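In what follows, a single structure is set out as structure tokens and then discussed.
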């Protein structure tokens, strides 16, 4: 398993309006990581992923320790 930080478009703000959100995802490859992230609640499922990068295990643990939705709104 590899670790990825996937940034998706989030929100129900209307067409072409979104808030970026980053998820820590564990997957075998980059394509699987993008599909897993697009399945999370609140994500615009038909919109393309903004960014997907492989990260280290320690970075994965740091991102996973805080809920992505709370991190997005600055409630760390």
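Values quoted throughout were computed directly from the atomic coordinates according to the rules given, and no laboratory measurement underlies them. Quick caveat: nothing in here was measured; it's all calculated off a predicted structure. A quick note on method: Cβ atoms are made from the backbone with ideal geometry, for glycine too, and the neighbour counts reach across all protein chains shown.
Things to note:
- Residue 71/residue 46 FRET efficiency (R0 22 Å; Cβ-Cβ; nearest 0.05): 0.40
- Coordinate range of the alpha-carbon atoms in the chain per principal axis, descending: 35, 29, 16 Å.
- Only DSSP H runs of four or more residues enter the estimate; each adds -39500 (n - 2.57), and after division by the residues of the chain the mean residue ellipticity at 222 nm equals -8000 deg cm²/dmol.
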